[in-house]
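What follows is a single structure, written as structure tokens, with notes after it.
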Amino acid sequence: MMRIKRQLLPVIAAVYVAVAVKTPVVAAEAADYSNVNAQTGYACVLEDRAQFLTTGTDEEYDTLIQWMDDITRYCNIVVATTTDHDYYSTRAYAEATYEGYFGYGSNGAIFVIDRDQNEIYIVSEGNVQSLLSDSRCEVITDNTYIYATESHDYDYMTCTQKSLEQIYASLNGQHIASPMKMICNILLALGMAMILNYFLARVLSRPHMPNHKKVLNGLHHRFVLEHPKMVMKGKSKRRSSSGSSSGSACGSFGGGGGGGSSGGGHSI
């Protein structure tokens, strides 16, 4: 019975999204689940083309949907999975999928499991980029990618749930732990310390050589000038002229422009 309701929900919810939210929505059959938050107007969409998420238990599925519904308090959210697409990168696929539902630059985010490029990826658009920046998206995917690997038996459901949980925490202003980043910083600091110690040891181990002044002062020297003579061999004239010239050159480089999205991911 629950599976039948799931099949009907996308059709009903997609129509409601198109009318109430007035944002672009792709064909209803492309979404496995969609819903609109009546208070905020934001919507969530699940597009599980790879069937990584809709084949789990009812409890796992309901937990996933709950996280998506919670995120609609702050913005739109899309979860998409794929094993094949025509885009040159996971980010391009994520942007196109999100904008296919909500248009360019609308306030929201998308989480993608891409087995064509073997990456998980988060892209944010609109105002939430300030909370889901490039670095924050990278931290989240660094924390959760491991669940989608062989070492965790390709547990895509847990990977998605953990990613949505941290997206929600970011939107809620909570701190996200970043153990991978901390480990990298520690290793970098250790590497720099080893290099510094190496050069310091090289400098301290060199034999101490006296400078030139001390060497000269230590020499016993004597200089005697006898019968000096001065001889003029010739004369010459040289006319000098003075002048001045000046020149200047300057160059400037400019550039800029803001992108329409932020994002980051991790290979799986």
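For the reader, a short list of remarks on this structure follows.
- The residues of region 61-97 that are open to solvent by 70 Å² or more (accessible area, probe 1.4 Å) and not in a loop (DSSP other than H, G, I, E, B), listed by number, are Asp62, Gln66.
- Applying a threshold of 7 Å to beta carbon distances and a minimum spacing of six or more residues, or different chains, the list of pairs starting in region 119-135 at a residue that is free of Cβ contacts under 8 Å to residues at least 60 places away in the same chain and ending at one that is in a helix (DSSP H, G or I) reads Val128/Leu171; Leu131/Ser170; Leu131/Leu171.
- Close pairs from region 154-178: first modelled with pLDDT of 95 or more, partner acidic (Asp, Glu), Cβ under 9 Å, at least 6 apart: Met157/Glu60; Thr158/Glu60; Gln161/Glu60; Leu164/Asp70; Tyr168/Asp70
- Considered as a group, the residues in region 99-111 that are over 12 Å from Gly126 (Cα atoms) and part of a helix (DSSP H, G or I) include one that is least open to solvent (accessible area, probe 1.4 Å), and that residue is Tyr101.
- Region 48-73 residues that are farther than 25 Å from Asp116 by Cα, paired with ones that are of a type in the set (Gly, Ala, Ser) (beta carbon under 8 Å, 6 or more apart): Ile71/Ala109; Thr72/Ala43
- Considered as a group, the residues in region 132-152 that are touching a strand residue (DSSP E or B) at 6+ places or on another chain (Cβ under 8 Å) and outside any helix (DSSP H, G or I) include one that is surrounded by the most Cβ atoms within 10 Å (Cβ to Cβ), and that residue is Leu132.
The values are calculated or read from the model by the stated rules, or taken from the named source; none is laboratory data. Given the structure is predicted, the values throughout are model-derived calculations rather than measurements. Using ideal geometry, Cβ is built from the backbone for each residue, glycine included, and neighbour counts are taken over all protein chains shown. For accessibility, only protein heavy atoms count, side chains too; no ligands or nucleic acids. Shrake-Rupley method; radii C 1.70, N 1.55, O 1.52, S 1.80 Å.
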